[in-house]
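Following: one structure in structure tokens, then a few remarks.
The values are calculated or read from the model by the stated rules, or taken from the named source; none is laboratory data. Just so it is clear, the structure is predicted and the values come from calculations on it, not from any experiment. No Cβ is skipped: glycine too gets one built from the backbone with ideal geometry, and neighbour counts run over all protein chains shown. Remember, those area values only see protein heavy atoms, side chains included, never the ligands or the DNA or RNA. Shrake-Rupley method; radii C 1.70, N 1.55, O 1.52, S 1.80 Å.
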Amino acid sequence: MAKLFDYLGDDLFNHREGKKIYQNTKESDRRFLSINHGDDIYFPPSKRSRVNAPFVFTRNTATSIDVLPDECLFEIFKRLNGGGQERSSVACVSKRWLNLLGSIRREDDICNMEISLDSDELIDGFLSRSLEGNKATDTRLTAIAVGTSSRGGLGKLSIRGNNSLRGVTNLGFKAVANNCPSLRVLSLWKLSSIDDESLIDIANGCPQLEKLDLSQCPAITDKGLIAVAKRCPGLSSLIIESCPKIGSPSLQAVGSYCPNLKSLTIKNCPLVDDKGIVSLMSSVGFSLSKLKLEALNVGDYSLAVIGHYGKALTELSIFSLKNTTGKGFWVMGNVQGLQKLRSFFISSCNGVTDVGLEAIGKGCPSLKQFNVSKCCIFSDEGLLMFAKSAMLLESLRLEECHRITQRGVVDLLSRFGRNLKGLALVNCMGLKDEFPITKMNSSSTSLRSLIVDNCPGFGDEILAAIGQMCPQLNRIDLSRLQGITDLGITQLVSANESGIVKMTLRNCLNLTDKVICLVADSHGSTLEQLNLDGCKGLTDASLIAIARDCSMLTELDVSRLGITDLGVAALASGLQFNLQILSVAGCSKVTDKSFPRLIELGESGLMGLDIRHCNGISSGTVDQLLDQLCGCDILY
């Protein structure tokens, strides 16, 4: 280019030696156009150009504003007179313009834009948005942040998953930080593309953050979380799950800078140890009301500190802490710091022994809900000592506690069950009808809900005893119990005084129509939900009794029974029948002949119908049901 032109003072351009600039006429049409043709070529007359070649604007060439730097675009955007709507249109021109708007803080005179790719949802007085899967991209997140800035920005933001090709990165979070200063709640799940830079930007731009959820964010380290702790002192809820680079230094910072922390969950973070838990609890123990620790490398020292400093704890969950022992639980109970604890959940902790249970009962006098699962060491003795001390206990759930026996359950209900309202026994292999239970008077126990699931030895004997001791039961769930027969259900139902509202007898294979007819006759006026899924001994006779006597029934599950079209017809003709949910899944004897009856049920208020695996119902009938029952959700 230097060989073509010489710059001589104020003259625009001079060609050398009197030669023509363009040697090829075809080339002159495209690249270097003659001034004589009337085209405009502009250079300052007294200043050398800073570019290597002139910008040429011809009648045949489209002009472009993209050559301008971001600073110039910003000055142009500030001078738009159309307000938010015009700026919204500008932001939709290109990703570059959108990202430029997203990188400008609200106070930089860009605060009237109203861009919205989706409708905003107002929750608790704040704009709330959620991005999931392929929708989670930088472009969409930036558009949301910029578009809501005129209304104060987002108050709640949830991002779950990520777009595999164009996922959310630090760029998107910078837009949120710049445009959403009132952000209160941020939930991030399975985002591998963000790191500490995102959290630091959020901390700087959103100082009012109150709730933070970091789940499966492997690139975030202590650095990012420490920044949040220092700049967001109002943080009240924190969830850290499967973040392998976050450890105890973060917890120390949270304890030091976030005095209002109310809820904390830490799960599967291998760098968190006793030091972090001790530092945190000693700082926020008087404000923290909810604590959940799961799959961490902490031991008895942490349990002791929780027991001592957890003055405000009302809910405590301890799962899969393999390094804890019976000594830790014993100290936790005996230091008497958990006076306000109302709900305690323990799972997969080998240190739960009889002595530890007794100490917990004594150290938690306000305890009302207690769940223990996959703890095989404690026995009937520990359970009874615990119940003796925890006099306010209302709900007890035991799962995979194989040393609990029939005698322990009966003693618990007869001696310490006066305030107990709910009892659940799940996968407890030690429950067996080992000895006859003498007839006992009706207890004053207040038990209302009983759940027994997959306890193979649980039979008629213990069921009858529970019926005698607990005449106020109104919710009964008995599932996968091979030892239950008509006799046990009859004795349980006959002793009931309050009226059963919900009853589940799922996969109890030894029941017959006789006992279902008894249930319908004696409790049909109160029964609202009935689940008989998998009770293969039941036939149309049960459905006829249900249709005749259960006028309050709203949900009925008769899946995998031997019922036929006759049973469906009986349901449709039931007097004052209020059925809303019906499942006949896997009933191969129900055929197309039931079509008009199902239509009748649908027109009388049926809202949900499950006909999956009903081989006798053709696809044509299914199509007709879908057409005529528009207000009913049909699974097929």
What's the local net charge at GLY161, with K and R +1, D and E -1, over the other residues with C-beta under 12 Å away? +2
Across LYS135/LYS502; LYS267/LYS502; LYS223/LYS322, pairs whose alpha-carbon gap is larger than 31 Å: LYS135/LYS502; LYS267/LYS502
Carbon and sulfur %, accessible surface of region 120-233 computed with the full protein complex present, 1.4 Å: 48
Across all Cα atoms of region 528-636, Rg and the largest Cα-Cα distance (Dmax), in Å, are 12.3, 34
If the chain between SER263 and LEU392 were fully stretched, how many nm would it gain, using 0.36 nm times the residue separation less the Cα-Cα distance? 44.0 nm
For region 164-203: accessible area per residue (Å², 1.4 Å): 36
Check: C-alpha center region 362-397 vs C-alpha center region 323-345, spacing in Å is 12
Would you grab the residues whose amide H sits under 5 Å from the one on SER604? Only those 5+ places off in sequence or on another chain, please, with H modelled 1.01 Å from N. none
Name the residues of region 242-260 whose amide N is less than 13 Å from a point 7 angstrom out from the Cα of LYS340 along the C-beta direction? 260
Point-to-point label distance, CYS376-MET607, nm (Cα→Cβ direction, 7 Å offset): 4.4
Provide the packing ranking of 416-424, 155-163, 461-469, i.e. peptides ordered by the mean count of other C-beta atoms within 10 Å per residue, highest first. 461-469, 155-163, 416-424
q = 0.28 Å⁻¹: log10 I(q)/I(0) that the Debye formula gives for region 512-565, counting C-alpha atoms only: -1.19
Taking every other residue with Cβ under 12 Å from the Cβ of LEU606 and scoring Lys and Arg +1, Asp and Glu -1, one gets -4
Which is farthest toward the positive dipole end of region 217-341 among GLY299, CYS258, TYR309, measuring Cα position about the Cα centre, with Cβ charges +1 (Lys, Arg) and -1 (Asp, Glu)? CYS258
With no solvent and one equal point scatterer per Cα, compute the Debye intensity ratio I(q)/I(0) for region 440-497 at 0.19, 0.20, 0.28, 0.31 Å⁻¹ and report its log10, rounded to two decimals. -0.60, -0.67, -1.22, -1.37
Using Stokes-Einstein with the Kirkwood hydrodynamic radius over Cα pairs, what translational diffusion coefficient do you get for region 327-481 at 10 °C and a viscosity of 1.306 mPa s, in µm²/s rounded to a whole number? 103
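Accessible area per residue for region 244-399 in Å², computed with a 1.4 Å probe and the full protein assembly in place, what is it?
Spelled out: the 1.4 Å probe surface of region 244-399, per residue, equals 37 Å².
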What are the trypsin sites (Lys or Arg not before Pro) within region 527-622 that DSSP puts in a loop, where the Cβ has at most 16 other Cβ atoms within 10 Å? LYS536, ARG612
Net charge contributed by nearby residues that have their C-beta within less than 11 Å of ASP486 (K/R +1, D/E -1): -1
